[in-house]
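Heads up, the thing below is written out as structure tokens.
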Amino acid sequence: MKPSSHAIIYSNPLPCIHSQTGSPPTPRLPKTSSSFSLTATGRHPARRNTLSTFSPLVRAGNLGNTRVISEEYIKWLKGYCEAFFYGLKVKFLEPVSVSATKCSFRVNENTQNLQIHTGHILAFLKRNKPEDAFCIVGITMIDLYPRDSWNFVFGQASLSSGVGIFSFARYGKDFYTSKYEGSVKVPQRTVSSDYSIFDNYYIPEITSVLLLRSCKTLTHEIGHILGLRHCQWLACLMQGSNHLEESDRRPLNVCPICLRKLQSAIGFNIVERYKALVKWIDDESCGESGATPKSSSEHVYLPKPVEAFKDWREWILRCIAVLEK
């Protein structure tokens, strides 16, 4: 599909660059769309059948405390990614237990909650990446850390390998205040041999804010896998963030420069992509109007909580109106 000839909607200047770095930004030219290229990796998403494959990383329980809610939440994320990266498909893999990855884990000294090692999980995902996938991403509600000296990360991705792991643990409203079953009372490093410690791990409540934050993190990190780097000068989804407050200040949309990069990588029509995003927000659920447990005939209706997306929906509609003039 040829790039749209319409002008791209402007974006506001970056509002939080000082708080991101703790000091004024170092003057340097941003990476423009004309200098953007995917040739360095030799991979191009438009040449693959599948953009990404979700591999839910689970412990004994499920998101929302039932398998039905877990599956529905993943469907919402799948639908959002297919609209955001319009024209490419997202597939599921079977859920993977923490023990199957044989990853290291520890107890965080600040939160006293369990964390799993991103590097070991990325290596596991790389070994299990489908041949037709441009990338494979793991999704978990367990907190992450990349190395012993780091406190935590929301996610980590590898551009060259096309793999990523993202945690939504800190997006739950009770993460910093609740006492979680399975946490040890004294911070200590744990030998990675007995994974039963993850039984009854913290499960957050499904809210609109949790869904919005999850969508932000997922598309931001997949954007990195597609070759987009942190955006320094405009209010943009691809801004970097060091904590939740900074992450919340990022918009859901990419700036004009990053949008053109994304369009160059995938080849979508901008207006069609915007309409797909509006449709995702307006649809009460993605694919099916509800879910039915395999062992029950009871129909479970799970409305998609999109209240936090309403302002962005209005912004997208204004963009569409300008582009269709």
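The values are calculated or read from the model by the stated rules, or taken from the named source; none is laboratory data. This is a predicted model, so every value here is computed, not measured. Neighbour counts are summed over all protein chains in view; Cβ atoms, including those assigned to glycine, are modelled from backbone coordinates with ideal geometry. These area figures cover heavy atoms from the full protein model, side chains too; ligands, DNA and RNA do not enter into them. Shrake-Rupley method; radii C 1.70, N 1.55, O 1.52, S 1.80 Å.
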* Structure fact -> Heavy-atom accessible area of residue 140, protein chains in place, probe 1.4 angstrom, given in Å² to nearest 10, is 0 Å²
* Provide the gained length on full extension for the span residue 271 to residue 176, in nm with one decimal, where the gain is 0.36 nm per separating residue minus the Cα-Cα distance. => 30.2 nm
* To do: Using amide H atoms built 1.01 Å from N in the peptide plane, name the residues 5+ places from residue 306, or on other chains, whose amide H lies under 5 Å from its own.
  => none
* Area accessible to solvent at residue 149, 1.4 Å probe radius, in Å² -> 100 Å²
* Using a 1.4 Å probe and counting only protein heavy atoms, arrange 92, 152, 134 so the residue with the most accessible area comes first. => 92, 152, 134
* Structure fact -> Full extension between residue 127 and residue 318 adds, at 0.36 nm per residue less the Cα distance, a length in nm of 64.4 nm
* Under a 5 Å amide H to amide H cut-off, with H placed in plane at 1.01 Å, what residues pair with residue 135 once short-range neighbours are removed? -> 52, 53
* Asked: How much FRET efficiency would the formula 1/(1 + (r/R0)^6) give for residue 248 and residue 194, where r is the Cβ-Cβ distance and R0 is 41 Å, rounded to 0.05?
  -> 0.70
* Asked: Using a basic spin-label model with each label point 7 Å from the Cα along Cα→Cβ, how many nm lie between residue 97 and residue 308?
  -> 3.1 nm
